[in-house]
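These notes concern the structure reproduced below.
The values are calculated or read from the model by the stated rules, or taken from the named source; none is laboratory data. Just so it is clear, the model here is predicted, and its values are computed rather than measured. Ideal geometry is used to build each Cβ from the backbone, glycine not excepted, and the neighbour counts take in all protein chains shown.
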């Protein structure tokens with residue numbers, strides 16, 4: 001570097017830069033650089049031939065051109081000798097300074113093993129001591145073979161330190177950081193990811209980088225495309241070929257976007273053919289066609305998603321797999337759902353994957369599709385799924401008059417238990433549904449009285465639990481049917497119907513949601529909820545002589561409860577006294593939904609409630 005130039009010359013800009021140019025080349029050159037909007041050393045070094053700009057005819061350059069150069073009659077421009085030499089020498093010194101700085105940087109990097117840090121420098125940056133101690137600890141704990149597989153922490157620290165020594169457009173990220181970034185974005189969402197990225201510079205790539213990473217790999221999903229090949233790969237990684245499928249819709253913001261990877265437009269309602277979405281339907285090169293779509297086609301208000309949950313033989317749960325997603329307006333029939341489920345089943349069978357059942361929410365179309373597919377008090381005239389070659393067979397005892405499923409099923413159907421619980425809770429919030437069991441009404445007035453009469457220490461309820469703003473709030477379902485709430489309701493008159501209703505809700509949670517429930521309790525509570533629903537339905541079908549209100553709750557919840565009947569019970573009596581083969585004489589022709597007397601407390605579940613007035617005889621474990 002020239003001794004006449006400052007050591008930090010490469011960082012000069014604006015006034016400092018113009019003052020230095022004035023000292024080296026004169027005020028006319030400063031005026032020339034200002035006209036060209038060159039305000040820093042870096043911008044000056046980026047220009048190959050500065051004097052070429054004098055050849056342009058411009059009003060702003062005309063005056064400065066007369067000061068810096070001679071203009072001949074034939075239009076040839078000759079820069080004054082003193083101006084040329086001084087400016088070229090100045091630029092040459094700047095380039096030498098830039099090259100020297102690069103050499104110094106490379107020398108420092110190459111000699112880091114022999115670098116000696118002074119005590120003053122360590123005191124000024126105490127974090128260096130902590131980093132040295134950290135890496136010494138890591139080296140002492142790891143073996144030599146572990147050096148090839150560094151931990152994520154060391155990879156992240158190295159990535160941050162390397163990036164902070166570069167310009168922002170030269171940041172690089174190793175594979176460990178990229179995988180962590182993708183996981184953070186998926187688990188935490190966009191806002192959480194941006195918060196972490198902005199507060200830890202150099203640690204995480206931008207969202208656009210993650211999107212390009214997904215495009216360059218097989219993570220990209222095309223609308224209405226069913227990824228059966230990727231599903232087969234995923235099932236092989238978890239070492240199983242048995243799975244459970246689910247389908248549900250979620251509301252989305254209506255928006256049309258262009259996908260340059262498929263040259264198609266996304267956001268319109270995807271049309272169905274035989275119940276199957278048509279992929280790449282909105283693909284065109286015609287502007288007239290696009291305008292017609294915007295004028296006549298509806299934006300999809302819903303996103304329909306198909307998920308596959310592998311069923312493994314180990315205790316470790318496997319991640320679900322996103323099979324397909326597409327926009328929809330929910331304008332389809334139950335037969336379309338059955339065709340779609342059957343097609344998915346057959347396609348997965350070609351990949352040696354067995355779907356044992358489908359799960360969805362309690363939409364009436366899906367409930368009817370479940371009943372038609374399983375032959376549960378409904379049948380298809382032209383499609384016999386129970387005669388399919390891949391249907392499984394369960395031997396049902398002849399004396400099981402209370403068991404209504406066919407012994408051959410292509411797949412089972414199951415309503416999502418969380419949706420069912422929230423639906424039961426939301427029915428309490430209805431201002432039009434009038435529910436009762438016998439002559440006891442079921443309403444939130446019982447819980448309101450409970451909150452006003454008893455301290456929160458006894459029941460742990462607040463007003464927001466019985467009047468939630470979020471109708472899908474599952475935590476409020478757990479709180480309103482707790483044992484403490486039921487104990488307090490026993491001290492309030494005329495709450496027997498509400499207690500039975502909460503016990504029904506509680507049994508569904510124990511049987512289908514609580515992962516800690518043992519098998520015998522899960523079996524008991526599953527059938528308890530089914531038989532209680534059948535008994536309740538039978539009570540509602542009794543003639544009006546019992547002064548039954550004219551407006552009762554609809555059958556949708558009951559139909560949903562019936563879809564959770566279990567299949568394939570054995571003819572054994574368990575050690576707790578549960579008779580799995582329930583007695584035929586306990587149902588009659590007058591009440592086809594009759595059920596045996598079942599107590600309200602299970603043999604071993606810690607959530608069991610105390611005995612209540614309408615409970616059956618107490619449990620006998622002897």
Which listed residue is in contact (Cβ under 8 Å) with a residue 40 or more places away in the chain and either loosely packed, with under 15 Cβ neighbours inside 10 Å or on the phi < 0 side of the Ramachandran plot (or both), from 199, 159: 159
If a residue has to be part of a helix (DSSP H, G or I), in contact (Cβ under 8 Å) with a residue 24 or more places away in the chain and more than 16 Å from residue 499 (Cα to Cα) to count, how many in the stretch 459-475 make the cut? 1
For residue 19, are the conditions met, namely being over 24 Å from residue 167 (Cβ atoms) and surrounded by fewer than 13 Cβ atoms within 10 Å (Cβ to Cβ)? yes
Where in the stretch 282-400 are there strands (runs of 3 or more DSSP E), lying fully within it, with 2 or more residues that are over 25 Å from the mean Cα position of the chain (by Cα) and surrounded by fewer than 16 Cβ atoms within 10 Å (Cβ to Cβ)? none
Residue count, the stretch 225-278 (criterion: touching a residue at least 24 places away in the same chain (Cβ under 8 Å), under 15 Å from residue 324 (Cβ atoms) and either out of contact with any strand residue (DSSP E or B) (no Cβ under 9 Å at 6 or more places or on another chain) or surrounded by 15 or more Cβ atoms within 10 Å (Cβ to Cβ) (or both)): 22
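Just one of 59, 88 is surrounded by fewer than 17 Cβ atoms within 10 Å (Cβ to Cβ) and at pLDDT 75 or above; which is it?
Details: 59 fails: at pLDDT 75 or above.
From the options 59, 88, the qualifying one is 88.
Taking the stated definitions as given, is residue 190 surrounded by 11 or more Cβ atoms within 10 Å (Cβ to Cβ) and not assigned by TED's automatic domain parsing to the domain that holds residue 319? Explain how you work it out, then say what you get.
Details: surrounded by 11 or more Cβ atoms within 10 Å (Cβ to Cβ): no; not assigned by TED's automatic domain parsing to the domain that holds residue 319: yes.
Against the criterion (surrounded by 11 or more Cβ atoms within 10 Å (Cβ to Cβ) and not assigned by TED's automatic domain parsing to the domain that holds residue 319), residue 190 does not qualify.
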Is it true that residue 100 is surrounded by 13 or more Cβ atoms within 10 Å (Cβ to Cβ) and either modelled with pLDDT under 80 or farther than 30 Å from residue 198 by Cβ (or both)? yes
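Residues are listed down the side, and each one gets a yes or a no for (1) modelled with pLDDT of 90 or more; (2) under 17 Å from residue 308 (Cβ atoms); (3) assigned by TED's automatic domain parsing to the domain that holds residue 180:
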| site | (1), (2), (3) |
| --- | --- |
| 211 | no, no, yes |
| 242 | yes, yes, no |
| 245 | yes, yes, no |
| 253 | yes, no, no |
| 262 | no, no, no |
| 275 | yes, no, no |
| 280 | yes, no, no |
| 289 | yes, no, no |
| 295 | yes, no, no |
Residue 463 passes all but one of (1) at pLDDT below 90; (2) buried (at least 16 other Cβ atoms within 10 Å of the Cβ); which number fails? (2)
Index of the failed condition, residue 468 passing every other in (1) at pLDDT below 85; (2) surrounded by 13 or more Cβ atoms within 10 Å (Cβ to Cβ); (3) more than 26 Å from the chain's Cα centre (by Cα): (3)
